[in-house]
Amino acid sequence: MKGYIGIESKKKARTFFSGQSQRMSVLDMNELYQYIGDMKFPSHPRLEKALDRLTALLSDSGAEWLLGGSCGLWLQGVELPASPRDIDIYADLEDSDEVHEVLLSLATDAPVLDRSGIYVSKLSHYKVEEYAVELVGGFEVHARGIGYQVEVKNVFYPEAPPAADGLQLMPLAHELVFNLLRERPDRYMAIAKQIGKEPKRHIPLIRELVRRNRWSPDQASYLDRLVGTPGWFI
């Protein structure tokens, strides 16, 4: 039935819920603030405000999206050399269109299918508060003989840890694999260190990614050594 609903109906629904979204915004920000305090993570008030607004805007969209990049790492305790400077969100292609429609008034460009180096995705950009937001739709990485597809709805969203109501984080399993494929040891070593604190929490999803993307025994063995779990991924 969702595909049968017209654009005008969607706009009316969003207008109806806009007041509710604003009220939810205060609650969500309190939840995010409490989460950061409880986890003893560094606080970045202006970034938290931008994340709160973004979450509130997308709360009625029906799209499944995840917060990734440096923001997602920060909110999962990964040590970073600097504070996050922008916001990266991920969605499958069909959901990225819905996200773009909701954020259209904040867009700084139009979505475009981008093929840059080892990456393929539908990219678009927005300005939320003072932060640049990049929406990555249907993300794929082709490197080291592997075609790695980021399946948000079917693979990552069900395993995504929440930072607040409506704000789900891209699992560290993806961040580890992604940064390994793009050869960013500064990132994947820090991610592996954090995963190593609770390996059993992350191992099932990492194993699923290895299986789905047909890693070679050598590549899987390197993952074993990174995380400190010999024999788990081979």
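Rule-based calculations on the coordinates, nothing more; no lab input. This is a predicted model, so every value here is computed, not measured. Here the Cβ positions follow ideal geometry from the backbone for every residue, glycine too, while neighbour counts run over all protein chains shown.
Here is how the numbers come out for the structure above:
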{"read-out": "Stokes-Einstein D (µm²/s) once Rh is taken as the Kirkwood radius of segment 79-183 over alpha-carbon pairs, at 4 °C in 1.567 mPa s", "value": "88"}
{"read-out": "Residue-span extension gain [MET39 to GLU140] - 0.36 nm each, minus C-alpha spacing", "value": "33.2 nm"}
{"read-out": "√(5λ) per eigenvalue of the Cα gyration tensor, the chain, largest first, Å", "value": "31, 21, 15"}
{"read-out": "Computed magnitude of the charge dipole of the chain (debye, nearest 20; Cβ of K, R +1, Cβ of D, E -1)", "value": "400"}
{"read-out": "Efficiency of FRET between ARG214 and ARG46 - r from beta-carbon atoms, R0 45 angstrom, step 0.05", "value": "0.60"}
{"read-out": "ASP97-ASP165 FRET efficiency (beta carbon distance; Förster radius 41 Å; 0.05 resolution)", "value": "0.95"}
{"read-out": "Above-threshold pairs, the threshold being 26 Å between Cα atoms, out of LYS40/LYS200; LYS40/LYS153; LYS40/LYS127; LYS40/LYS193; LYS127/LYS200", "value": "LYS40/LYS153; LYS40/LYS127; LYS127/LYS200"}
{"read-out": "Length added when fully stretched, GLU129-ASP224, from 0.36 nm per residue minus Cα-Cα", "value": "30.1 nm"}
